[in-house]
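The values are calculated or read from the model by the stated rules, or taken from the named source; none is laboratory data. Note that the structure is predicted; figures quoted are calculated from it, not measured. Here the Cβ positions follow ideal geometry from the backbone for every residue, glycine too, while neighbour counts run over all protein chains shown. To get the accessible areas, we keep the full protein, side chains included, count just its heavy atoms, and leave off ligands, DNA and RNA. Shrake-Rupley method; radii C 1.70, N 1.55, O 1.52, S 1.80 Å.
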Amino acid sequence: MTPQNPAIAVFESGIQSGARNLMIDRELLRRHATGTWPDTLRFHRSRPTACVGYHQAIDRELRLDYCAHHGIEITRRVTGGGALYFDENQQGISLIVGRTGCEDRLSCARLLQLFCEALAVGLKELGLQAAYKFPNDLEIGGRKIASAFLAREGDSCLLQAILLLDVDIQAMLEALRVPTEKLSADGLAGARERLITARQCLGEVPPAQSIVAAISRGIASVMDIYADLSNIQSGPEISLDFAAAQAFTRRIDWSGEADLEAIWKTPGGVLRARVEYDAQAGEIRRAALAGDVYLHPAHVFAQLEQGLVGWTPCMVEGAVHRIVGAARAELLGFSAEDIARVLQLAVEKAAAKDRLQLKNDRLMLHHADGSLPTEMILAQAEVMLLPYCAKPVWCKWRQREGCPECGMCEVGEVYRLARERNMQAITITSYEHLTATLAAMQAKGTTAYMGMCCSNFFIKRHQAFQAAGMAAVLMDITGANCYELKAESAAYAGCFEAQASLEMETVRQVMRFVPVRADASTNKEARK
């Protein structure tokens, strides 16, 4: 193939600080956008590093204490997407080019896809049959071997990738703020089943020179970007502002924040919102957005945070659409409606805490229309779902849907409160039982329900609540839970042996807003 464009420079930076590698990428993108740096393809590896994407709240994604104690660097990418752990066992790849070098005016989604397809061609040359998976992964047999990330500044693009040559699964899961059940033997095995490495596929890690050559040729064949392999350079050696880099890393840190948080899962990633709401004035005093998502321009979240101050809840959706539209924002795998929904949920959560006179942040709201008042959901709630792990371990009813209301545990008290309002109370005995129960409720025409679960479960299994299509008010549980005791697999199967606690003060306060229903026979069968 005859090159149509001049060859770009290739750097092999070797092993160095992960923070430094990401700082170099950020600085080269800035210089490229100002016209003072040429198109570049850089290969690099890093010492142990945990990093978050551009829009993520660092304390929500990384175990900061663990990283500090074990000498793992903490940093932030200029690219979007989710949190990563990488070390010398992963190959970093950074491509910096102008948009004209990537077929001008391609969307972020298409640029990521092209880059992944180019990497796949290179991996095939190494003997690795990888395929692109939306929005930014490469997989072999359904298992991830690489992830790609994107940032744009003006007409300049930074495309990053991390290729798993080998992997320390336990270090990865310890550094990232994943539910701690993944650190159990079953959790580690599950993580290994979701990832695959070059060593597993080939029996060895390919030499660095082979990786550089194969990936460079893959990029050339798919993206029409030619690398000069005859003059591979080390470096680059550029001055870096480490104080500015530290500030950039901590730019979204929600630790210690008192504002109430809401989440909303989308195909493009998890959106998080925090809102400080002035109930007397009926206005938003402060808003904050985060997520493992891609959007361009990158400052759209900041514009939304500034633009929503002083607005009333009913104005949120219109304001979001106007700001996103004015910025001509590209949102990869999510929409302005999703942003509005998570903000409305955060506003309603803050407002409901005041209206319901709650002393703590124990509510988790879920409904398609984020502006639906919590009291309206409670007024329509027909079912109360409780986790079996809140029943005493000695109770013969622990693995059964009902409760005799013997008065010896908190669950019986909740059953009594539900019975007095003629709600159907159901003890959920496994994850499969939850999905089956939600499906049955949906088929029956149930419009709203109440429930209890830990916040970790709500975040991880958000899709189950979302797919059910019903409004819900969920209350957080405390005490022993499967996530902290590394026993999620047992809990999902209905075999968890510890006991969680219900926040009864919150339960009693919330139940005051549930009206008494006409049918007094709802719970008779459950108590037999």
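For residue 415, indicate whether it is open to solvent by 20 Å² or more (accessible area, probe 1.4 Å), in contact with a helix residue (DSSP H, G or I) (Cβ under 9 Å, 6 or more places away or on another chain) and of a type in the set (Phe, Trp, Tyr). Before you say what the answer is, go through the steps one by one.
Working: open to solvent by 20 Å² or more (accessible area, probe 1.4 Å): no; in contact with a helix residue (DSSP H, G or I) (Cβ under 9 Å, 6 or more places away or on another chain): yes; of a type in the set (Phe, Trp, Tyr): yes.
The answer is no for residue 415.
Among the residues of the range 284-311, what is the count of those that are in a strand (DSSP E or B) and either open to solvent by less than 50 Å² (accessible area, probe 1.4 Å) or under 24 Å from residue 458 (Cβ atoms) (or both)?
The initial filter retains those residues of the range 284-311 that are in a strand (DSSP E or B), namely 284-291, 295-296.
Filter once more, so that each one left must be either open to solvent by less than 50 Å² (accessible area, probe 1.4 Å) or under 24 Å from residue 458 (Cβ atoms) (or both): 284, 286-291, 295-296.
Count: 9.
Is it the case that the range 418-429 has a residue that's assigned to a helix (DSSP H, G or I) and either open to solvent by less than 50 Å² (accessible area, probe 1.4 Å) or in contact with a Pro (Cβ under 7 Å, 6 or more places away or on another chain) (or both)? It would help to see each step written out before you state the result.
Residues of the range 418-429 that are assigned to a helix (DSSP H, G or I), as a first pass: 418-420.
From the residues that got through so far, the ones that are either open to solvent by less than 50 Å² (accessible area, probe 1.4 Å) or in contact with a Pro (Cβ under 7 Å, 6 or more places away or on another chain) (or both) too are 418.
Among the residues of the range 418-429, at least one is assigned to a helix (DSSP H, G or I) and either open to solvent by less than 50 Å² (accessible area, probe 1.4 Å) or in contact with a Pro (Cβ under 7 Å, 6 or more places away or on another chain) (or both), which makes the answer yes.
Scan 215, 238, 219, 211 and give me the residue that is among the hydrophobic types (A, V, I, L, M, F, W, C) and outside any helix (DSSP H, G or I).
On inspection, the qualifying residue turns out to be 238.
Of a type in the set (Lys, Arg) and within 30 Å of residue 106 (Cα to Cα): is that true of residue 285 in this structure?
On the way: of a type in the set (Lys, Arg): yes; within 30 Å of residue 106 (Cα to Cα): no.
No.
Mind checking which residues of the range 224-275 are within 28 Å of the chain's Cα centre (by Cα) and at positive phi? Explain how you work it out, then say what you get.
Taking the range 224-275 as the starting set, the residues that turn out to be within 28 Å of the chain's Cα centre (by Cα) are 242-275.
Across the range 224-275, the qualifying residues are 256, 269.
With (1) open to solvent by 30 Å² or more (accessible area, probe 1.4 Å); (2) modelled with pLDDT of 95 or more; (3) within 17 Å of residue 158 (Cβ to Cβ) as the list, and residue 45 as the residue in question, which single condition is left unmet?
Here residue 45 meets the rest and fails (3).
Against the definition (open to solvent by less than 60 Å² (accessible area, probe 1.4 Å), under 28 Å from the mean Cα position of the chain (by Cα) and modelled with pLDDT of 85 or more), how does residue 352 come out, yes or no?
Working: open to solvent by less than 60 Å² (accessible area, probe 1.4 Å): yes; under 28 Å from the mean Cα position of the chain (by Cα): yes; modelled with pLDDT of 85 or more: yes.
Considered against the rule, which asks whether it is open to solvent by less than 60 Å² (accessible area, probe 1.4 Å), under 28 Å from the mean Cα position of the chain (by Cα) and modelled with pLDDT of 85 or more, residue 352 comes out as yes.
Could you tell me which numbered condition residue 247 fails, if it satisfies all but one of (1) of a type in the set (A, V, I, L, M); (2) free of Cβ contacts under 8 Å to residues at least 12 places away in the same chain; (3) over 28 Å from residue 50 (Cβ atoms)?
(3) is the only condition that residue 247 fails.
Scanning the range 444-458 for residues that are crowded, with 18+ Cβ neighbours inside 10 Å and assigned to a loop (DSSP other than H, G, I, E, B), which turns out farthest from the chain's Cα centre (by Cα)?
The residue in question is 446.
For the range 317-348, name all the residues that are open to solvent by less than 40 Å² (accessible area, probe 1.4 Å), among the charged types (D, E, K, R) and under 17 Å from residue 269 (Cα atoms). Full working, then the answer.
Our first condition is that a residue be open to solvent by less than 40 Å² (accessible area, probe 1.4 Å); within the range 317-348, this holds for 318-320, 323-324, 327, 329, 331-336, 338-340, 342-348.
Now drop any that are not among the charged types (D, E, K, R), which leaves 338, 348.
338, the sole residue that qualifies.
Out of (1) loosely packed, with under 14 Cβ neighbours inside 10 Å; (2) of a type in the set (A, V, I, L, M, F, W, C); (3) in a loop (DSSP other than H, G, I, E, B), the odd one out for residue 314 is which?
Of everything listed in (1) loosely packed, with under 14 Cβ neighbours inside 10 Å; (2) of a type in the set (A, V, I, L, M, F, W, C); (3) in a loop (DSSP other than H, G, I, E, B), residue 314 misses just condition (3).
When you scan the range 141-162, do you find a residue that is open to solvent by 10 Å² or more (accessible area, probe 1.4 Å), in contact with a helix residue (DSSP H, G or I) (Cβ under 7 Å, 6 or more places away or on another chain), closer than 18 Å to residue 196 by Cβ and not acidic (Asp, Glu), even just one?
yes
From the list 378, 358, 385, which one is part of a strand (DSSP E or B) and open to solvent by less than 40 Å² (accessible area, probe 1.4 Å)? Reasoning before the result, please.
Values: 378 fails: part of a strand (DSSP E or B); 358 fails: part of a strand (DSSP E or B).
Of 378, 358, 385, the one residue that is part of a strand (DSSP E or B) and open to solvent by less than 40 Å² (accessible area, probe 1.4 Å) is 385.
Mind checking which residues of the range 88-113 are of a type outside the set (S, T, N, Q), at pLDDT below 95 and under 24 Å from the mean Cα position of the chain (by Cα)?
Those that are of a type outside the set (S, T, N, Q), at pLDDT below 95 and under 24 Å from the mean Cα position of the chain (by Cα): 108, 109, 110, 111, 112.
Would you pick out the residues in the range 388-410 that are under 12 Å from residue 452 (Cβ atoms) and out of contact with any strand residue (DSSP E or B) (no Cβ under 6 Å at 6 or more places or on another chain)? Steps first, please.
At the first step, the residues of the range 388-410 found to be under 12 Å from residue 452 (Cβ atoms) are 388-391, 410.
Residue satisfying the conditions is 391 alone.
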